[in-house]
Structure formats: structure tokens, C-alpha cells
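Structure, as C-alpha cells:
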Amino acid sequence: MTFPSVQMNKCLAADPVYAPSNAYSVSASSLDNYLSTKNSPMAGQGANLMASGAQYNIDPRLFVSLAGAETTFGNNITAGQFNAFNVLYNGMNSPFFSYQSAINSVGHSLTNPPKRIQLHKYRNSLRPLLLRCRLRRWP
């Protein structure tokens, strides 16, 4: 699956005026170095970030920025062990087995958003509740 922004980036990269310079290139070591400057427990995950980025067609810096915004690069994890993104798949107790499994989960979620809930399938079970709400009769 190719996203329009990725297609645009490929077009821009082919144009020498917009081609990214080496100053902005991303590597596993550059990610590790950056995470080290933030005293992150995720330092050393650069290769995993690059692999997941390639697998899900996501710039690996997005994973780093999400971890930075959610848990200060893994320094303030509140949702469970290795959960550097505070993904609440099981409420506040949502641990992962490793940072790699957390990275893969986030990559999968970003590229495979949940399908919309189709309420018409639950019409018969929701009908009594909806009628009570409409009539202002609460149990």
C-alpha cells in the first residue's frame, strides 16, 4: 500500500531541487544517538525502529516523536512495561514484551486503523436503551 504522501516524497526526491540532503538522512545509529541524548531507555532500538518503519512504510522518526510526546522518550511510562507510546489496549495495564513489540503494535495501528462500528448491527439490543433515553426513563 502506498500513501499519496509517500508518492509525493518519491517525486520530490527525484527532483534535485527538493532532494533531501545527507544532513537529514536517518539511520539506526542516528536514532540511537538522538535517544541517548534524551536519556531514553529506548536507546539501542534504532535498528528496530528502522525495520518497523520499512515494514509499515512509516518514517522511523515518527515513532521517536510519538514516544517523546507520550512518555518523554520512554522515561515516564504509565501504561505498562515497554509501552513507550502509552497505548491503552487493556486500560492502564497495557504492557508489551519488548520495545520492539510496542513499536510494531504502533506501526500496525497507524497503517491499519480500526473499522467503524456499525451500530445498525446492534439495533435490536440498543433499542430499549435508546427508548429509555428518549422517554427520560432511567432505570
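Sort out which residues of region 82-116 are in contact (Cβ under 8 Å) with a residue 24 or more places away in the chain, buried (at least 17 other Cβ atoms within 10 Å of the Cβ) and among the aliphatic types (A, V, I, L, M), and write them in order of number.
ALA84, ILE103, VAL106
Which of the residues spanning region 43-62 are assigned to a loop (DSSP other than H, G, I, E, B) and either modelled with pLDDT of 95 or more or among the charged types (D, E, K, R) (or both)?
Residues satisfying the conditions are ALA43, GLY44, GLN45, ASP59.
Starting from residues that are more than 16 Å from ASN48 (Cβ to Cβ), under 17 Å from the mean Cα position of the chain (by Cα) and of a type in the set (Gly, Ala, Ser), keep the ones in region 87-125 and report whichever is modelled with the lowest pLDDT.
Here the residue is GLY91.
Of the conditions (1) among the small types (Gly, Ala, Ser); (2) at pLDDT 95 or above; (3) over 15 Å from VAL106 (Cα atoms); (4) surrounded by fewer than 19 Cβ atoms within 10 Å (Cβ to Cβ), SER25 clears all except one; give me its number.
Condition not satisfied by SER25: (2).
Of all residues being among the aliphatic types (A, V, I, L, M) and closer than 13 Å to SER40 by Cα in region 67-81, which is surrounded by the most Cβ atoms within 10 Å (Cβ to Cβ)? Just the residue, please. Explain how you work it out, then say what you get.
Residues of region 67-81 among the aliphatic types (A, V, I, L, M): 67, 69, 77, 79.
So of that shortlist, the ones also closer than 13 Å to SER40 by Cα come out as 67, 69, 77.
Details: ALA67: 28, ALA69: 11, ILE77: 19.
By that ranking, first place goes to ALA67.
Which of the residues spanning region 47-61 are touching a residue at least 24 places away in the same chain (Cβ under 8 Å) and not basic (Lys, Arg)?
Selection gives ASN48, LEU49, MET50, SER52, GLY53, GLN55, TYR56, ASN57, ILE58, ASP59, PRO60.
When you scan region 63-74, how many residues do you find that are assigned to a helix (DSSP H, G or I) and touching a helix residue (DSSP H, G or I) at 6+ places or on another chain (Cβ under 8 Å)? Even if it seems obvious, please write down each step before you answer.
Going residue by residue through region 63-74, those that are assigned to a helix (DSSP H, G or I) are 63-71.
From what is left, the residues that are touching a helix residue (DSSP H, G or I) at 6+ places or on another chain (Cβ under 8 Å) are 63-64, 66.
Residues that pass the stated criteria total 3.
The values are calculated or read from the model by the stated rules, or taken from the named source; none is laboratory data. Since the model is a prediction, treat every value here as computed from it, not as a measurement. A quick note on method: Cβ atoms are made from the backbone with ideal geometry, for glycine too, and the neighbour counts reach across all protein chains shown.
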